[in-house]
Amino acid sequence: MRAPETVLGIETSCDDTAAAVVRAGPADGRILSNVVMSQDRLHAAYGGVVPEIAARAHAEKIDLAVEAALAEAGLDLSGIDGVAVTAGPGLIGGVLAGVMFAKGLAAATGKALLGVNHLAGHALTPRLTDDLAYPYLLLLVSGGHCQFLIVRGADSFHRLGGTIDDAPGEAFDKTARALGLGHPGGPEIEQLAKAGDPARYAFPRPLLDRPGADMSFSGLKTAIMREIDRITLAGLDIEGERAHIAASFQDAVAEVVAKKTEAALAFYLAEGPARPAIAVAGGVAANRTIRSRLETVAQKAGVDFVAPPLPLCTDNGAMIAWAGIELMGLGQRSDFALAARPRWPLDTAQAPLIGSGKKGAKA
Ligand code: KG4
Ligand code: ZN
């Protein structure tokens, strides 16, 4: 079975309809195209992603995204060897839209098909961009997920810890909504925080006093709601405090994530990796404050640090195509029984983390 070299990646698990063409080869020329059609405008009025609207929009746009990705790559369907599609975890209607489309494409063209775990797409991105060697320590931090993983291979993940309740992305989105900002909240909070004092409010840093790499963010979210209520009820100027609240919130998330990265790093280093490295992936990894705190942790420990370019941190098709190249290279294929999965933990040897976010229980 020949390993596909040029793969079309399709991603529809949340609110971005994405398609990309990636080719095996030197890292700097791999991504032939990467088209992301954002649904932000459709969901803006609701302050969050509405699953039914997302699913319908994916079904309407997916063929356009794929056509655009092929055109940008200068290829037609005969130029690709395989189709990789996010088969979970995610909002089930959207995942279904992508999986059905990919199956149709594979059936019509006879190309190889592979259902890819969305989290594996994020987790393998540091290899797409930087050829990072296994095993590396990964902090996967997004709208629905937050976990530390030792990535040992394209299909081998060991979870060291993660959030026991909300994901940081969710906390960013909810805090943004409470501050009257738009959706998605992460970039908006980051922007507003630039004008704020991160030391103005001492928001909670849960679980820092406990050993291990588990994290918690729901108390932080509640503390912020309470502070906003307190300021408003006291008739104080909330307008003047918004940037300080945003900055103090961001600082609390960054500190928790950085401290727990130190704990996870100790576990990882104890395994004696030949070329130790920390990588970060997922939408929240686009946050510059969080990135720079993590970089400091890596520098202090003398290990490499890899943070993919911002557009490859948030959801995209290139990460799915790349995971497809790696996994098809290991001989993996899907047949037409490929099912969409709302939940799909990466580390199947361990019990799923508790808690539930916009994408369901944390995987
Ligand atoms: O990985 P992603 O695109 O989708 C999921 O798989 O969840 O992550 C989306 C999340 C959203 O919660 C968004 O607010 C957050 O990533 N995000 C950010 C930033 N950019 C996106 N959070 C903090 N700072 C950012 N700059
Ligand atoms: Zn994602």
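Values quoted throughout were computed directly from the atomic coordinates according to the rules given, and no laboratory measurement underlies them. Fair warning: this is a prediction, and the values are worked out from it, not measured in the lab. Reconstructed Cβ throughout: ideal geometry from the backbone, glycine too, with neighbour counts over all protein chains shown.
Residues of segment 278-305 that are touching a residue at least 12 places away in the same chain (Cβ under 8 Å), away from ligand 2 (no atom under 16 Å from the Cβ) and within 20 Å of residue 186 (Cβ to Cβ): 288, 289, 291, 293, 294, 295.
The residue that is farthest from residue 163 (Cα to Cα), counting only those in segment 183-225 that are within 16 Å of ligand 1 (Cβ to nearest atom), among the hydrophobic types (A, V, I, L, M, F, W, C) and surrounded by 18 or more Cβ atoms within 10 Å (Cβ to Cβ), is 192. Among residues belonging to segment 12-35 that are of a type in the set (A, V, I, L, M, F, W, C) and over 20 Å from the mean Cα position of the chain (by Cα), point out the one that is farthest from residue 170 (Cα to Cα). Ranking the qualifying residues of segment 12-35, first place goes to 24. When residues in segment 109-150 are screened for being more than 16 Å from ligand 2 (Cβ to nearest atom), touching a Pro at 6+ places or on another chain (Cβ under 7 Å) and within 22 Å of residue 269 (Cβ to Cβ), 4 of them pass.
Checking each residue in segment 152-196 for being closer than 30 Å to residue 327 by Cα, in contact with a Gly (Cβ under 8 Å, 6 or more places away or on another chain) and among the polar types (S, T, N, Q) picks out only 163. For segment 77-96, a tally of residues being within 16 Å of ligand 2 (Cβ to nearest atom), of a type in the set (A, V, I, L, M) and within 19 Å of residue 53 (Cβ to Cβ) returns 3. Taken across segment 84-101, residues that are surrounded by fewer than 23 Cβ atoms within 10 Å (Cβ to Cβ), touching a residue at least 24 places away in the same chain (Cβ under 8 Å) and in a loop (DSSP other than H, G, I, E, B) do not occur at all. Within segment 266-288, the set of residues being within 8 Å of ligand 1 (Cβ to nearest atom), out of contact with any His (no Cβ under 9 Å at 6 or more places or on another chain) and either closer than 15 Å to residue 136 by Cβ or part of a helix (DSSP H, G or I) (or both) comprises 284, 286, 288. Residue-level check: of (1) touching a Phe, Trp or Tyr at 6+ places or on another chain (Cβ under 6 Å); (2) buried (at least 24 other Cβ atoms within 10 Å of the Cβ), residue 160 misses just (2). Residue 228 fulfils the conditions (1) closer than 23 Å to residue 45 by Cα; (2) within 16 Å of ligand 1 (Cβ to nearest atom) except for a single criterion, (2). Of all residues being under 20 Å from residue 66 (Cα atoms) and either of a type in the set (Val, Ile, Thr) or touching a helix residue (DSSP H, G or I) at 6+ places or on another chain (Cβ under 8 Å) (or both) in segment 317-335, which is farthest from ligand 1 (Cβ to nearest atom)? Just the residue, please. That would be 325. Consider residue 180 against the criteria (1) within 30 Å of residue 41 (Cβ to Cβ); (2) within 15 Å of ligand 1 (Cβ to nearest atom): it satisfies all of them except one. Which criterion is unmet? Going through the list (1) within 30 Å of residue 41 (Cβ to Cβ); (2) within 15 Å of ligand 1 (Cβ to nearest atom), residue 180 breaks only (2).
Among the residues of segment 325-333, are any assigned to a helix (DSSP H, G or I) and farther than 13 Å from residue 83 by Cβ? Scanning segment 325-333 turns up at least one residue that is assigned to a helix (DSSP H, G or I) and farther than 13 Å from residue 83 by Cβ. Taken over segment 36-92, residues that are among the polar types (S, T, N, Q) and more than 21 Å from the chain's Cα centre (by Cα) amount to 1.
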